[in-house]
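Asks: The structure's right below; bear with me while I get my questions together.
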Amino acid sequence: MNLQQYQEAVKKLAKEFENKDLEIATWGLGIAGEAGDVAGCIKKTITHKDDQLPGIKENLGDTMWYIAMICNSFGWDLQEVLEENIAKLQKRHPQGFTEENCQKDERRDWMEK
């Protein structure tokens, strides 16, 4: 399944909302909740020595579902969103990520002013 097929498939599994604000809030809060579940599984794997790898994988999928639904709500192509993200990061870190590049990050300069 490619990203376009995935984005279409999630539409068939989603609740329909009459209120656009409630729809976006639901998908956005869903991302937050699932990301928290990912974090909890990682914590348990590391600190409790309880293998939560299946839970991490499952919750990453759930997070992606909500991301795809936000893209659907705004009429965005998920593939395009991801490509734009890579282009932004490649521009910011043309030689790849380094701590030195982060020290020179324009966003950090802006925040310090």
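Asks: May I ask you to list the residues in region 79-103 that are surrounded by fewer than 11 Cβ atoms within 10 Å (Cβ to Cβ) and either under 25 Å from Ile67 (Cβ atoms) or of a type in the set (Lys, Arg) (or both)?
Replies: Answer for region 79-103, where residues must be surrounded by fewer than 11 Cβ atoms within 10 Å (Cβ to Cβ) and either under 25 Å from Ile67 (Cβ atoms) or of a type in the set (Lys, Arg) (or both): Asn85, Ile86, Ala87, Lys88, Lys91, Gly96, Phe97.
Asks: Of Glu34, Glu83, which residue is more than 12 Å from the chain's Cα centre (by Cα) and either within 26 Å of Asn2 (Cα to Cα) or not assigned by TED's automatic domain parsing to the domain that holds Met1 (or both)?
Replies: Glu83
Asks: Same structure again: Within region 38-78, track down each residue that is surrounded by 11 or more Cβ atoms within 10 Å (Cβ to Cβ) and of a type in the set (A, V, I, L, M).
Replies: Selection gives Val38, Ala39, Ile42, Ile56, Leu60, Met64, Ile67, Ala68, Met69, Ile70, Leu78.
Asks: Just to be sure I understand the filter: pairs with C-beta atoms under 6 Å, separated by 6 or more residues or on different chains, first member in region 15-40 and acidic (Asp, Glu), second member modelled with pLDDT of 95 or more. Which pairs pass?
Replies: Within 6 Å, the pairs are Glu23/Phe17; Glu23/Ser73; Glu34/Asn59; Glu34/Asp62; Glu34/Thr63; Asp37/Asn59.
The values are calculated or read from the model by the stated rules, or taken from the named source; none is laboratory data. Keep in mind that this is a model prediction, so the values were computed, not measured. Methodologically, a virtual Cβ is constructed for each residue, glycine included, from the backbone with ideal geometry; neighbour enumeration extends over all protein chains shown.
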